[in-house]
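Reading through the structure tokens given below for one structure.
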Amino acid sequence: MPIIKIDNKDYDSDSLSTEAKQQLQMLSITEQEINRLQAQLAIAQTARISYANALKSALPVGDTIKFS
């Protein structure tokens, strides 16, 4: 019987109602999706930096570029 903590209160997950178990499952799935999206964002940000650096090296010497 796994114990879960919500708002500093412990709950025996086996004793939760069916609805509470479903909500807990959806919360878990949502957390996993947020983590997946954060990883994708990190990949995209890394790629952006790489493309910006490649662009800078492709520009004629003396030109500048600013990204916000």
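Among the residues of the stretch 9-30, is there at least one that is open to solvent by less than 90 Å² (accessible area, probe 1.4 Å) and among the aromatic types (Phe, Trp, Tyr)?
The answer is yes, given that some residue of the stretch 9-30 is open to solvent by less than 90 Å² (accessible area, probe 1.4 Å) and among the aromatic types (Phe, Trp, Tyr).
Given the structure, is Leu37 at pLDDT 95 or above and either of a type in the set (Lys, Arg) or surrounded by 10 or more Cβ atoms within 10 Å (Cβ to Cβ) (or both)?
Taking the combined requirement at face value, the residue satisfies it.
The values are calculated or read from the model by the stated rules, or taken from the named source; none is laboratory data. Just so it is clear, the structure is predicted and the values come from calculations on it, not from any experiment. Reconstructed Cβ throughout: ideal geometry from the backbone, glycine too, with neighbour counts over all protein chains shown. Just so you know, the surface numbers come from the protein's heavy atoms only, side chains and all, with ligands and any DNA or RNA stripped out. Shrake-Rupley method; radii C 1.70, N 1.55, O 1.52, S 1.80 Å.
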